[in-house]
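The next block holds one structure in the form of structure tokens; read it before the comments.
We did not get these values from a lab; they are worked out from the coordinates using the rules stated. Note that the coordinates shown come from a computational prediction; the quantities given were computed from them, not determined experimentally. Here the Cβ positions follow ideal geometry from the backbone for every residue, glycine too, while neighbour counts run over all protein chains shown.
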Amino acid sequence: MTPEQKARVGIDALLAAAGWHVCNVTDANIHAATGVAIREFPLNPGFGFADYLLYVNGKACGVIEAKKQGATLTGVELQSSRYAQGLPTTLPAWRRPLPFVWESTGVETHFTNGLDPEPRARAVFAFFRPELLAQWLALLPPAVGGEGVSEAPGTFLVRMRNMPPLVTEWGSGGAHYQLWPAQISAITNLEKSLAANKPKALIQMATGSGKTFTSIGFIYRLIKFGGARRVLFLVDRGNLARQTKKEFDAYASPYNNYKFGEEYIVQHLQSSQIDTSARVVICTIQRMFSLLKGRDLPEEVDEESTERIEGLFKDPEPIGYNPAIPIESFDIVVTDEAHRSIYNLWRQVLEYFDAYLIGLTATPNKQPFGFFNQNLVMEYGHAQAVADGVNVNYDVYRIQTEVGEQGARVDQGYWLETQDKATRRKTAWQLDDDFEYQPEELDRAVQTPDQIRTVVRTLQGRWQPDMFPQRQELPKTLIFAKDDNHAEKIVEILREEFGRGNEFAQKITYRSAQGGGTSPEQLIKDFRTGYYPRVAVTVDMIATGTDIKPVEIVVFMRSVKSRSFFEQMKGRGVRVCNPTDLAAVNPGEHIKKDHFVIVDCVGVCERDKTDSRPMDQKKSVPLDKLLQAVSLVLLCHKSNFSLVPMRPQQGHSPRRAMSA
């Protein structure tokens, strides 16, 4: 089989998968199906043969130029467009020249939509279903003088160039909404980018500056005025999808008296079935990946951050065309936390759909900037947000322990307690040799309760005199632990050292609801709006996206190497909280949130951090080997610790040193 023949076999398969009836010219029936693709169709003299001539509802609408696999397609557009002009006049056509033109090798495909102003070729994952082309062709104005067309159809691109003015302030019946200047710029600049037919755009807005509200605002306009059929809103965790769905449903239209959820159907996708009547589909990127692969997704995986579950899809095969989810399913794809979704297997989801791609992030770096074609339509950082009163600034309070900085050595003959991570069964173990561990092993392979206790005891004794001297009760505090076992121990010691009950400190992780426990969503709600818990201990469930405005102390008991992830975690404290909401969780105290405090127990504020990881990452250890490894937690019965004073550093918010 020649390379050209291989290409045509691939093209035939892609057309058939997309619902086209593929046939030879000798046995063609243009009414055999909604879409008919005829091979090697003879054109007018001097125009040669179209490799494929496409009919929709009995009228010609486009051509496909086939090239051998490996051939470059840029530059072939002129040849393809010539075929689009050569249809015999005796044959029925939707428009002359034919509006839709493809170039394809069966592996790579380019498409040009002649209905758009300044038609431009773009890469597509596969071919469109004929029903979509029928919808586009229905937009054509009535024919003038036979089959000629005198006006441009109302495509999405045409509509984007005729958008009504942005309403920046609205409301009735006591409800009042007003866009920040940064939100106005983000929406305006994005619409200009889409009108210029730029396929990707990146919006960077500081945590707490209304990124989701801004997104709902421009999505509403793209549906109502731009004619977007359906929008996919991707998040990386199930709890963020639920939070986003609530915000969509509550969004009040600036143009009528309806809420978004009343005017348009918004689906939170939790199954394998996309609601075809929904105008917005909110979904985790891992669920969409699984749907495209035709696999079921375990419910618990939907709740895990994408950074934690990539290992479940070790060495994934590339995504192929899925007829159940055509590439035209969405006109717009919005990906939240874009600095994470462009890597490895998740990137395949973004590149599957023929859609404008809009990235949202609070912490941009070089990789997202490059992936989105350097089209940063909005840049609004933390410093500007603080200056505008949208964010609050922070102080850093440093706690150092000897073990946390230097590790430790346990002598031969010492009895340790081991704990199996799967069963949590504890057993005693006597060391046959001296055992040394490094700081980075602390609270992962090795856990020293005395070190945790020293940190908690110091927090208990110093939060009021050194951090919030006007307060009588500990402000809402969020602690980042290294893993679920570490979080368990921190909660236990917090309750002991503060002399408080179970409600005082709660663990909020993906495992919180296991065994019939309270759901993480309920715990987050209680932490956000109730007096208790005063302290929430998490691993990374509340690290990104989750909005808990009353948080005023953020404690790092785990290190972070990624600058973006650190900024996201730090961002849990930056949100402004109005005095009424703050007083609701701090009754009897006349206070306002004008700053928050980072309590750094691991030196995370001092370490250099990488911008991000490589765009494609290969694991050095296979997942099955990792799962076979026996993980033990060594619990030292006693050890000696001391606090090391630290000299305040310059160039930051005021830093406080601690000593004991």
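General observations
- Counting neighbouring Cβ atoms within 10 Å and putting the fewest first, the residues MET163, MET1 line up as MET1, MET163.
- Extension reserve of the LEU140-GLN374 stretch, reckoned as 0.36 nm per residue once the Cα distance is removed: 80.8 nm
- Note on GLU317/GLU492: beta-carbon distance plugged into 1/(1 + (r/R0)^6) with R0 of 51 Å gives a FRET efficiency of 0.70.
- 20 Å reach of a label modelled at ASP296, 7 Å along Cα-to-Cβ, counting backbone N of the stretch 260-274: 269-274
- Listed cross-link partners LYS525/LYS561; LYS246/LYS426; LYS246/LYS570 are compared with a 32 Å cut-off, the Cα-Cα value being larger for LYS246/LYS426.
- Report note on the peptides 127-134, 378-385, 176-183: ranked by the mean count of other C-beta atoms within 10 Å, highest first, their order is 127-134, 378-385, 176-183.
- Taking each residue as 0.36 nm, the span from TRP170 to GLN472 lengthens on full extension beyond its C-alpha to C-alpha distance by 104.7 nm.
- GLN85 paired with ILE265, simple spin-label distance in nm, labels 7 Å along Cα-to-beta-carbon: 4.5
- Part-to-part distance (alpha-carbon centres) for the stretch 481-499 and the stretch 449-471, which is given in Å: 14
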